[in-house]
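Shown next, in structure tokens, is the structure this report addresses.
The values are calculated or read from the model by the stated rules, or taken from the named source; none is laboratory data. No experiment lies behind these values; they were computed from the predicted model shown. As a convention, Cβ positions derive from the backbone with ideal geometry for all residues, glycine included, and neighbour counts pool all protein chains shown. Calculation scope for accessible area: heavy atoms of the full protein, side chains included, ligands and nucleic acids excluded. Shrake-Rupley method; radii C 1.70, N 1.55, O 1.52, S 1.80 Å.
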Amino acid sequence: MAQRTLRERGARLGRPMGATGAERTVHGVVLLLPGGVAEGTGRPSRLAAAAVRPLARRLARAGAGEGLVAHVVHYRHRGWNGEAAHPVADAHWAADEVVRRYGDVPVCLAGHGMGGRAALRAAGHPAVTTVIALAPWFPDAEAALDPDPVKQLIGRQVLIAHGTDDERSHPDLSYRLAERAKKINREVCRFEVHSDRHGLHEHRSEVRALAEDFLLGSLFARGFSRPVTDALAAPPPLGLRMPLATGFGSTLRR
């Protein structure tokens, strides 16, 4: 019975945050994709989902007036699991579920670590318009021998942010992916969070402010802050190695 339950367990969306209620119209959805581990078919860590919940709440608050809803995606399994790429399939399912619940609304995929990689890979879903990948995780060997595709990012607005001292996924791997993506899509930018590690804890407030700025500017056409505008406009390598300034978000001017 336990094995049957494990096989049948599906992905699910966490409770909605933001513009909810019968009287509110939803105009956009952000799906938060948690981190995970390379291999593992057991239940996902509750801590991983909890780690992205503060960002979900912040984005939901910032976009409430625009009709934004945020959901944390709960995966079927804790691991990426090689070619199975389980989080990518779960992200596709989640985007389908958004369409079923809310209709034809734009979707942002925002993920950290393994979730950042899943957000980039699942960007080809028709409802997805925006991708935010924070410290995206790429296995060194795979990134060198079989790099992740980028064609699915065409027509999407893409933000990558990576700590320069990331000990789990070398920041140069996300730079290489961003460089390939920029060749086919000008709407790609990448910020470097100097001295920060994989969890992006040291500059947490700046990273969340950057994600908020990018989401509101892309999903609801509010316009971007000057640093984001400059990063999108600058050719590689400058626009893909843009330093995230200390205090970003405290005195933003759009």
Residues with amide H under 5 Å of Arg222's amide H, sequence separation 5 or more or different chain, H placed in the peptide plane at 1.01 Å from N; which?
-> Gly217
Express in nm, to one decimal, how much length is gained between Arg61 and Ala245 on full extension, taking 0.36 nm for each residue of separation and deducting their alpha carbon distance.
-> 63.9 nm
Using a cut-off of 11 Å between beta-carbons, work out the net charge of the residues near Glu97 (Lys and Arg +1, Asp and Glu -1, Glu97 not included).
-> +1
Leaving out ligands, DNA and RNA, what percent of the accessible area of region 12-123 is carbon and sulfur, probe 1.4 Å?
-> 49
Summed side-chain charge close to Lys183 - residues other than Lys183 whose Cβ falls under 13 Å, Lys, Arg +1, Asp, Glu -1 = +3
So if we plug the beta-carbon distance of Leu238 and Ile184 into 1/(1 + (r/R0)^6) with R0 = 22 Å, what FRET efficiency do we get, rounded to 0.05?
-> 0.75
HN-Hα J couplings of region 172-182 from phi, Karplus 6.51/-1.76/1.60, θ = phi - 60°, integer Hz, Gly and Pro as x?
-> 5, 5, 6, 5, 4, 5, 4, 5, 5, 5, 5
Given a 1.4 Å probe, the accessible area of region 1-132 per residue, as a whole number of Å², is 45
Could you give log10 I(q)/I(0) at q = 0.10 Å⁻¹ for region 27-180, computed by the Debye formula over C-alpha point scatterers of equal weight, without solvent?
-> -0.31
Ile154: accessible area at probe 1.4 Å, nearest 10 Å²?
-> 90
Cβ-Cβ cut-off under 9 Å around His198, Lys and Arg +1, Asp and Glu -1: the net charge is -2
Could you tell me the convex hull volume per residue, in Å³, taken over the Cα atoms of region 149-226?
-> 96
From zero up to wherever the largest Cα-Cα distance of region 94-244 sits, split into 10 Å bins and tell me the percent of pairs in each.
-> 12, 45, 35, 8, 0
Per residue of region 151-167, in order, report the coupling 6.51 cos²θ - 1.76 cosθ + 1.60 (Karplus, θ = phi - 60°) as ³J(HN,Hα) in whole Hz, putting x for Gly and Pro.
-> 4, 5, 8, 4, x, 10, 9, 10, 10, 10, 10, 9, x, 6, 10, 4, 8
If amide H atoms are modeled at 1.01 Å from N in the peptide plane, then the residues at a separation of 5 or more from Gly36, or on another chain, having amide H under 5 Å from its own are Met114, Gly115
Compute the distance in nm between two label points, each set 7 Å from the Cα along the Cα-to-Cβ direction, one at Arg100 and one at Ile154.
-> 3.0
J(HN,Hα) series, region 108-123, from Karplus relation 6.51 cos²θ - 1.76 cosθ + 1.60, nearest Hz, glycine and proline x | 10, 9, 10, x, 10, x, 4, x, x, 5, 4, 4, 5, 6, 8, 5
Quick one: accessible surface of Ser218, probe radius 1.4 Å, all protein chains present, in square angstrom to the nearest 10.
-> 20
Can you give the helix-only mean residue ellipticity at 222 nm for the chain, where every DSSP H stretch with n ≥ 4 adds -39500 (n - 2.57) and the sum goes over all residues, rounded to the nearest 500 deg cm²/dmol?
-> -11500 deg cm²/dmol
Using R₀ = 35 Å, calculate the FRET efficiency as 1/(1 + (r/R₀)^6) where r is the Cβ-Cβ separation of Arg222 and Arg9; round to 0.05.
-> 0.35
Label-point separation, Arg168 to Glu83 (7 Å along Cα→Cβ), nm | 2.6
Accessible area (Å², 1.4 Å probe, nearest 10) - Thr41 = 80
